[in-house]
Amino acid sequence: MLFPQVDETVTPDNGGESAIRANLQFLHRHLLGEDLASDSAEIDASYQLFLDARALGESTIPNQCRGGGGSNDSNGTVLPWTAVVIYLLSDYRFLYN
């Protein structure tokens, strides 16, 4: 499970920043082996990526990214989480360690 702290309804707009940051910590720990504080530079960068991807305003999930789920991202969280996971999976430490 990659998202134990959040679901698709948790957004920065509804007070979800701390839960999003907690899940970012979880992802960094489990994918990259990093034990980071919620206010670390790495978590800040990942959180900013989440915000930037969300700011694009995309709400339609491409067919190849649905994984059997629906096509609508009405809360604008699925695509930002996808961007964060791709970012982390592209890290040298994940690929070669």
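The values are calculated or read from the model by the stated rules, or taken from the named source; none is laboratory data. Because the structure is predicted, anything quoted here is derived from the model rather than measured. In this analysis, Cβ positions are derived from the backbone assuming ideal geometry, glycine residues included, and neighbour counts consider all displayed protein chains.
Answer yes or no as to whether L24 is buried (at least 16 other Cβ atoms within 10 Å of the Cβ), touching a His at 6+ places or on another chain (Cβ under 7 Å), of a type in the set (A, V, I, L, M, F, W, C) and modelled with pLDDT of 95 or more.
On the way: buried (at least 16 other Cβ atoms within 10 Å of the Cβ): yes; touching a His at 6+ places or on another chain (Cβ under 7 Å): no; of a type in the set (A, V, I, L, M, F, W, C): yes; modelled with pLDDT of 95 or more: yes.
Considered against the rule, which asks whether it is buried (at least 16 other Cβ atoms within 10 Å of the Cβ), touching a His at 6+ places or on another chain (Cβ under 7 Å), of a type in the set (A, V, I, L, M, F, W, C) and modelled with pLDDT of 95 or more, L24 comes out as no.
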Qualifying positions in region 24-44 - among the small types (G, A, S) and touching a helix residue (DSSP H, G or I) at 6+ places or on another chain (Cβ under 9 Å): G33, A37, S38, S40
Residue count for region 13-33, restricted to those that are assigned to a helix (DSSP H, G or I) and more than 12 Å from the chain's Cα centre (by Cα): 7
Within region 50-77, tally of residues that are modelled with pLDDT under 80 and not in a loop (DSSP other than H, G, I, E, B): 5
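If you scan region 7-21, which residues turn out to be exposed (fewer than 14 other Cβ atoms within 10 Å of the Cβ) and touching a residue at least 60 places away in the same chain (Cβ under 8 Å)?
Answer for region 7-21, where residues must be exposed (fewer than 14 other Cβ atoms within 10 Å of the Cβ) and touching a residue at least 60 places away in the same chain (Cβ under 8 Å): just T9.
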Complete set of residues in region 34-53 that are more than 10 Å from the chain's Cα centre (by Cα) and closer than 16 Å to N75 by Cα: D52
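Output the number of residues of region 24-58 satisfying the condition of being polar (S, T, N, Q) and either in contact with a Cys (Cβ under 8 Å, 6 or more places away or on another chain) or farther than 14 Å from A83 by Cβ (or both). Steps first, answer last, please.
Initially, region 24-58 is screened for residues polar (S, T, N, Q), giving 25, 38, 40, 46, 48.
Keeping just the survivors that are either in contact with a Cys (Cβ under 8 Å, 6 or more places away or on another chain) or farther than 14 Å from A83 by Cβ (or both) gives 25, 38, 40.
Residues meeting the conditions: 3.
Just one of P80, P4 is in a loop (DSSP other than H, G, I, E, B), without any contact (Cβ under 8 Å) to a residue 60 or more places away in the chain and not aromatic (F, W, Y); which is it? Spell out how you get there, then give the answer.
Details: P80 fails: in a loop (DSSP other than H, G, I, E, B).
Going through P80, P4 in turn, just one is in a loop (DSSP other than H, G, I, E, B), without any contact (Cβ under 8 Å) to a residue 60 or more places away in the chain and not aromatic (F, W, Y): P4.
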